[in-house]
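Enquirer: Quick one: this structure, given as structure tokens, is what I'll be asking you about.
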Amino acid sequence: LRALGHMPEAEGWPVTLAEIDFRVGGTFKFAMTGPSGVQNEPFGGTYLEIVPDRKIVYDNGFNFEKMMVVTVTFDEADGKTKLTLHTVFASDEIAKMHISGGFEEGTNSGLDQLEDLAAELTSRIGGG
């Protein structure tokens, strides 16, 4: 996504560190910088499963501590792609920590930007 000139991110929290080795067993690391200008602690994980055009599974956490496993699936319906994001936290405590820290809002903001980017790319290539 960064190669396209855009990285979906939580509004007001730009991604200022992005390292991606997109393959099964490969890792990723991101960090965001908040309104104060201070970069937050990096988070990242390992890609556990990649099925082209269908599914991506990865673990995720701070300092590679596995706090959650995320499954992203892509399904086609009526000529459109439906993205489903399913997150399983390592514990109720970790889930509560992330949710109270804006996890849902930040994720939704990033997904909204991804939707806008997909629409823009589709219009560039003459689709939809």
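Enquirer: Listed residues Ala90, Ala95; which is open to solvent by 50 Å² or more (accessible area, probe 1.4 Å) and farther than 21 Å from Gly12 by Cα?
Expert: Only one candidate qualifies: Ala90.
Enquirer: Of (1) open to solvent by 60 Å² or more (accessible area, probe 1.4 Å); (2) part of a strand (DSSP E or B); (3) modelled with pLDDT of 90 or more, Phe28 satisfies all except one. Which?
Expert: Evaluating Phe28 over (1) open to solvent by 60 Å² or more (accessible area, probe 1.4 Å); (2) part of a strand (DSSP E or B); (3) modelled with pLDDT of 90 or more leaves (1) as the failure.
Enquirer: Related question: Report, ordered by the first and then the second residue, all pairs with beta carbons closer than 6 Å, sequence separation of six or more or different chains, a first member in the range 111-125 that is open to solvent by less than 60 Å² (accessible area, probe 1.4 Å), and a second member that is outside any helix (DSSP H, G or I).
Expert: Gln113/Pro8; Leu114/Pro8; Leu117/His6; Thr122/Gly128
Enquirer: Answer yes if at least one residue in the range 64-76 is open to solvent by 60 Å² or more (accessible area, probe 1.4 Å), modelled with pLDDT under 95 and not charged (D, E, K, R), and no otherwise.
Expert: yes
Enquirer: Regarding Glu104, is this residue exposed (fewer than 11 other Cβ atoms within 10 Å of the Cβ), of a type in the set (Asp, Glu) and not in a loop (DSSP other than H, G, I, E, B)?
Expert: The answer is no for Glu104.
Enquirer: Please go through (1) over 17 Å from Gly12 (Cβ atoms); (2) open to solvent by 80 Å² or more (accessible area, probe 1.4 Å); (3) without any contact (Cβ under 8 Å) to a residue 24 or more places away in the chain for Leu48 and return the number of the only condition it doesn't satisfy.
Expert: Just one mismatch for Leu48, condition (3).
The values are calculated or read from the model by the stated rules, or taken from the named source; none is laboratory data. Just so it is clear, the model here is predicted, and its values are computed rather than measured. For neighbour counting, all protein chains shown are included, and Cβ atoms are generated from backbone atoms with ideal geometry for every residue, glycine included. Side chains included, ligands, DNA and RNA excluded: accessible areas come from the protein's heavy atoms. Shrake-Rupley method; radii C 1.70, N 1.55, O 1.52, S 1.80 Å.
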